[in-house]
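Participant: Below is a structure I'd like to ask you about.
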Amino acid sequence: MKKDWYVGIDVSKKWLDVAIFVENSELKGYSHTQVGNNKSGYKELLEWLKEHDVDASTCMYGMEHTGFYSDGLQHFLDKKGYKYTMLEPAVIKHYPIQPREKNDRLDAAKIADYLFRFKEIIKFSRVPDKTMEELRNLHRERKFYVEDRVVYLNRKQVVGKEEAKRLDKIISLLDKQVESIEEKIRDIIRNDESLMESYLYLTSITGIAFVNAVNAIVITQNFTVFKTARDYASYIGVAPHTKKSGTTVRWKPKPYKHCDLTAKADISQAAKIAIVHDVELKRFFERKCNGKEDADTIRKAMNAVKFKLVLRMFAVVKQKHEYRQFTTK
């Protein structure tokens with residue numbers, strides 16, 4: 001019987017730090033190597049696995065999303081037909097096993113350890129088609145400029161008039177960049193029938209506009225990599241999860257902190273719009289608040305609205321029809 005192996009890979013611009021999970025061992029005891037982040041380095045990785053009597057075809061590989069730095073390795077593994085998963089950086093950053101030291105070798109070991117411990121729930125990744133990959137790259141670029149714009153807008157609030165004028169020029173340039181990228185994204189969606197279909201279904205939902213529709217299409221690869229709405233809701237941090245231990249410990253259900261915080265912030269804006277303009281969600285929100293106005297109650301009610309929106313998003317795409325707005329006589 002073939003043995004399953006778990007290989008964690010810490011990706012940087014020039015190097016890959018690779019670790020193999022070793023049962024009953026500390027992270028420092030995991031087998032480790034470093035290879036170049038290029039084609040020759042990928043081949044060197046397979047040779048190293050072979051030297052350690054590891055069958056590369058039976059390995060589960062894991063790495064963090066690092067933008068363009070991980071694209072080459074992802075394509076290499078996909079072409080070989082190997083199983084791999086792309087993890088959000090927050091998953092490893094907040095991993096409970098945290099040695100005092102912090103280096104790339106230990107980060108790779110933590111990924112390998114995570115793969116072993118959560119092998120039953122890990123979802124495998126795959127390289128999207130060319131259209132989806134182009135859309136994903138533009139989505140990343142837009143996110144980068146938007147985050148930069150927020151930084152400059154915040155700084156503008158605490159500086160003098162002269163610096164504020166200089167910041168205005170930078171903010172204006174970033175606005176133009178974001179608009180240009182958004183137009184390119186719209187062109188890609190318009191020229192792809194399946195993407196356009198999903199986009200129209202999504203934007204028929206009150207509160208869901210361009211940003212949240214594109215987020216959902218890119219993250220789910222047009223609703224092919226997440227089986228259920230709850231899976232997606234967990235990914236963006238709006239699905240509550242219970243925690244129990246023994247007969248006495250009962251923690252209240254709450255979303256995971258390890259999530260796509262940008263997508264969560266975007267769906268939060270959608271929820272604020274929805275409770276104003278959607279009669280059904282407005283009543284739902286008020287019922288959840290039950291007349292209370294404290295911050296914790298409002299936060300939980302808003303999270304429930306976000307989850308409702310995610311359910312609607314998956315429903316309209318899977319059932320292939322626009323959302324039918326609730327009306328009263």
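The values are calculated or read from the model by the stated rules, or taken from the named source; none is laboratory data. Since the structure is predicted, the reported quantities are computational estimates derived from the model, not experimental observations. Methodologically, a virtual Cβ is constructed for each residue, glycine included, from the backbone with ideal geometry; neighbour enumeration extends over all protein chains shown.
Participant: Taking Asp55 as the residue in question, decide whether it is assigned by TED's automatic domain parsing to the domain that holds Met86, modelled with pLDDT under 95 and more than 30 Å from Phe144 (Cβ to Cβ). Spell out how you get there, then give the answer.
Facilitator: On the way: assigned by TED's automatic domain parsing to the domain that holds Met86: yes; modelled with pLDDT under 95: yes; more than 30 Å from Phe144 (Cβ to Cβ): yes.
Yes.
Participant: Are any residues in region 120-131 in contact (Cβ under 8 Å) with a residue 40 or more places away in the chain and over 17 Å from Lys79 (Cβ atoms), and if so, which ones? Walk me through it before giving the result.
Facilitator: At the first step, the residues of region 120-131 found to be in contact (Cβ under 8 Å) with a residue 40 or more places away in the chain are 122-128, 131.
Correct list: Ile122, Lys123, Thr131.
Participant: Next question. Hey, any hits in region 243-265 for a residue that's surrounded by 13 or more Cβ atoms within 10 Å (Cβ to Cβ), of a type in the set (Gly, Ala, Ser) and modelled with pLDDT of 95 or more?
Facilitator: No, region 243-265 has no match at all.
Participant: Something else now. I'm checking my understanding of the structure. Among residues of region 1-35 that are polar (S, T, N, Q) and not in a strand (DSSP E or B), which one is surrounded by the fewest Cβ atoms within 10 Å (Cβ to Cβ)? Give the derivation first.
Facilitator: Start the filter on region 1-35 by keeping residues that are polar (S, T, N, Q), which leaves 12, 24-25, 31, 33-34.
Cutting the leftovers down to not in a strand (DSSP E or B) gives us 12, 24-25.
Working: Ser12: 14, Asn24: 5, Ser25: 12.
So the residue we want is Asn24.
Participant: Quick check on Thr203: is it closer than 15 Å to Val316 by Cβ, at pLDDT 95 or above and either among the β-branched types (Val, Ile, Thr) or not assigned by TED's automatic domain parsing to the domain that holds Leu311 (or both)?
Facilitator: yes
Participant: Now, a different point. Count, please, the residues in region 120-144 that happen to be surrounded by 14 or more Cβ atoms within 10 Å (Cβ to Cβ) and closer than 26 Å to Tyr30 by Cα.
Facilitator: Qualifying residue count for the region: 2.
Participant: Looking only at residues in region 294-310 that are within 23 Å of the chain's Cα centre (by Cα) and β-branched (Val, Ile, Thr), which one is nearest to Asp231 (Cα to Cα)?
Facilitator: Once the filter is applied, the top-ranked residue is Val310.
Participant: What is the one condition in (1) more than 22 Å from Val35 (Cα to Cα); (2) part of a helix (DSSP H, G or I); (3) modelled with pLDDT under 90; (4) touching a strand residue (DSSP E or B) at 6+ places or on another chain (Cβ under 9 Å) that Ala90 does not satisfy?
Facilitator: All conditions are met except number (4).
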